[in-house]
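Student: To start, I am sharing the structure in question, which I have written as structure tokens.
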Amino acid sequence: MKKHIPNMITCCNLISGCIAISFALYGEAKWALCWIIIGAVFDFFDGMTARLLGVSSPIGKELDSLADDVTFGVAPASMVFYELTIIDYSDALLPVSDYIPYVAFLIAAFSALRLAKFNLDERQSTSFIGLPTPANALFWGSLLAGMPKIIENTGTWALLILLLLIALSCFLLVCELPMFALKFKQWGMKGNEVKYGFVILSAALLLASGIIEGFWMVIVLYVVLSLIMFLSNKSKAE
């Protein structure tokens, strides 16, 4: 029985993702985000449980990737899909307005590719290469749940912004940009300046904007800080 516990937790992640998708397709963005966060909690504990019980397995690894793509790939893609179906299209775009929303599912495809690369990439034991799928899902969930009226009432501009964000999101998922992980080898300030700075600034953003509305800004901050670190390290190496 012990060996099945981590997989049961992983399945709870997958089910959470399915529930998030159902809410997303009905336009309930806040509930969809809620279930994405619940799925992220299960995702955090399944690997930890497997290590504590000493029952890690290849099946568990494959199941985890499948669950993650549902919760952090298909669910946010479904949220974007719904938003693209209710935006006011200009007359010029009306002939293709029924097809444009399906562009959203590129997020699910690139999330799957990101997860497959992560499973094979031995460089990502203490940090990440490319944007982690949970971070990408939280970005989309927070953005769409926190600012629905702004997006829906901006018309063509909102469409262009969403399409550009989809392209950027897909790129960040599979790019070679190193991104730091909140894993501390020691708790001192030296060597952890960026991590502590990120935690403090994130807390300030969430307090100022609200948890739902502020999560997308936290993810933007995470990407910007990772990019600054990468450019700084590259400059030092040269």
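Student: I'd like the full set of residues that are within 24 Å of Thr85 (Cβ to Cβ) and open to solvent by less than 60 Å² (accessible area, probe 1.4 Å), limited to the range 19-53.
Tutor: Ile19, Ala20, Ile21, Ser22, Ala24, Gly27, Ala29, Ala32, Leu33, Cys34, Ile36, Gly39
Student: If I go through the range 182-197 residue by residue, how many of them are under 17 Å from Leu231 (Cα atoms) and either at pLDDT 90 or above or surrounded by 12 or more Cβ atoms within 10 Å (Cβ to Cβ) (or both)?
Tutor: Residues flagged as under 17 Å from Leu231 (Cα atoms) and either at pLDDT 90 or above or surrounded by 12 or more Cβ atoms within 10 Å (Cβ to Cβ) (or both) within the range 182-197 amount to 2.
Student: Exactly one of (1) under 16 Å from the mean Cα position of the chain (by Cα); (2) more than 21 Å from Pro76 (Cβ to Cβ) is unmet by Val194. Its number?
Tutor: (1)
Student: For the range 90-99, which positions are under 24 Å from Cys170 (Cα atoms) and either free of Cβ contacts under 8 Å to residues at least 40 places away in the same chain or surrounded by 17 or more Cβ atoms within 10 Å (Cβ to Cβ) (or both)?
Tutor: Within the range 90-99, Val96, Ser97, Asp98, Tyr99 meet the criteria.
Student: Identify the residue in the range 100-126 that is among the hydroxyl-bearing types (Ser, Thr, Tyr) and open to solvent by 70 Å² or more (accessible area, probe 1.4 Å) and, among all such residues, is modelled with the highest pLDDT.
Tutor: Applying the filter and picking the extreme gives Tyr102.
Student: Same structure, new question: Please name all residue pairs, on different chains or six or more residues apart, with Cβ atoms under 6 Å, provided the first residue is in the range 191-215 and is under 16 Å from Leu33 (Cα atoms) and the second residue is hydrophobic (A, V, I, L, M, F, W, C) and not in a loop (DSSP other than H, G, I, E, B).
Tutor: Cβ pairs passing all conditions: Ile212/Ala145; Gly214/Leu205; Gly214/Leu206; Phe215/Leu138.
Student: So which residues in the range 145-176 are open to solvent by less than 20 Å² (accessible area, probe 1.4 Å), at pLDDT 80 or above and either aromatic (Phe, Trp, Tyr) or over 23 Å from Trp35 (Cβ atoms) (or both)?
Tutor: Within the range 145-176, Ala158, Leu159, Cys175 meet the criteria.
The values are calculated or read from the model by the stated rules, or taken from the named source; none is laboratory data. All values derive from a computational prediction rather than experimental measurement. With ideal geometry, Cβ positions are generated from the backbone for all residues, glycine too; neighbour counts draw on all protein chains shown. These accessible areas exclude ligands, DNA and RNA; they are computed on the full protein's heavy atoms, side chains included. Shrake-Rupley method; radii C 1.70, N 1.55, O 1.52, S 1.80 Å.
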